[in-house]
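Below is one structure, written out as structure tokens; the observations come after it.
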Amino acid sequence: MPEHRVRGSIVYHGVLLALGMLLVCGMLQPGSLAIAQTATNGTSVTLDPFSGPAGSPVAGVGFLTCAGCTGGSFTAQWDDGSKIGTGTLFNISSTQWVFEIDFNVPSHATLGPHNVSFLSGSISATTAAFTVTPSPPTAAGSSFLSAWDSTDSAMLVFGGPTSGLWAFEPATNQWLQFIGAGTGPNVSGTGAMVWDPTDGMLLVVDSNGGIWSITPTIAPYQASGLWRRVATSGPAPSGGGAYTATWNASSGAMLVFGSSTNPGLWSFEPSTNVWQQLTGMTGPQPS
């Protein structure tokens, strides 16, 4: 076997082994390592997964078919012309190459699909598609509420006015932050949240027993909706404290249990916006 093929094969397997060890040891964050199928010079390189939030570091490795490539380093360029990182091309055979690329997604990058170009004397017009996704919510100093949105097949997460409302789509493995939703309720770790599948909206009980609703619209790379304070009637939970809630599909109502000063069980019907305290129950109750 020619010397350059032996050397290229060693380098190729060395790159894969090194990146694999970095991933196992936790030095590369999950999702930041992208592996590609073979692509031809001058075409789009498909890396999977190849997405992340603005400002995140990304490492990729893949294969390239190129009869005239010379190997060595190349520059990674964002689709706005800014240089964002570097890469290296290693020879496996006369036409087969393996590349390794490291870059940081620009902090100003907008959500959605973009292209990363490989620039060198021997690589011509080769690009890799990259999708910028929202940063996931941070848990520092926050207590989050969650509910399953059966309409959009997404988990909704709310952490109060500071952390805001988020959606996580398991099908795309992406976080989406609700933009322009308004201030929203104050929960401070004491509220409760359920999904109302009948009306396709999210219901939140705030720290003072108030009801808020939002009807989400979830589309690729974005989520939107507007918080609304619901005017209610009837005896509502009061006095603060922790609440827990669930949806009663048979009656089309939210059941809420809790309150530190007036513990009990309540029912809220979105169709009438009426609270009702449930009484006359038998047997021991949670306290």
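None of the figures in this text is laboratory data; all of them are computed from the coordinates on show. Fair warning: this is a prediction, and the values are worked out from it, not measured in the lab. Every residue, glycine among them, receives a Cβ derived from its backbone with ideal geometry; neighbour counts consider all protein chains shown.
Below, the figures for the structure above:
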quantity: In sequence order, calculated HN-Hα J values of segment 228-236 (Karplus, 6.51, -1.76, 1.60; Hz; x Gly/Pro); calculated: 9, 7, 8, 7, 10, 9, x, x, 10
quantity: Nonlocal amide H pairs with W275, under 5 Å, H built at 1.01 Å; calculated: S233, G234
quantity: Charge sum, other residues only, whose C-beta stays under 15 Å from T272's C-beta, Lys/Arg counted +1 and Asp/Glu -1; calculated: -3
quantity: In Hz, Karplus ³J(HN,Hα) per residue of segment 190-205 (6.51, -1.76, 1.60; θ = phi - 60°; x = Gly, Pro); calculated: 10, x, 9, 8, 9, 9, 9, x, 5, 9, x, 9, 9, 10, 10, 9
quantity: Label-zone membership for segment 178-197, site T232, 7 angstrom Cα→C-beta point, backbone N under 17 Å; calculated: 184-197
quantity: Residue-by-residue Karplus 3J(HN,Hα) for segment 149-156, coefficients 6.51, -1.76, 1.60, Hz, glycine and proline x; calculated: 8, 6, 6, 9, 6, 9, 8, 9
quantity: Stretch gain in nm, segment T70-M281, where the contour uses 0.36 nm per residue and the Cα spacing is subtracted; calculated: 67.9 nm
quantity: Difference of contour (0.36 nm per residue) and Cα-Cα distance, T272 to S250; calculated: 6.3 nm
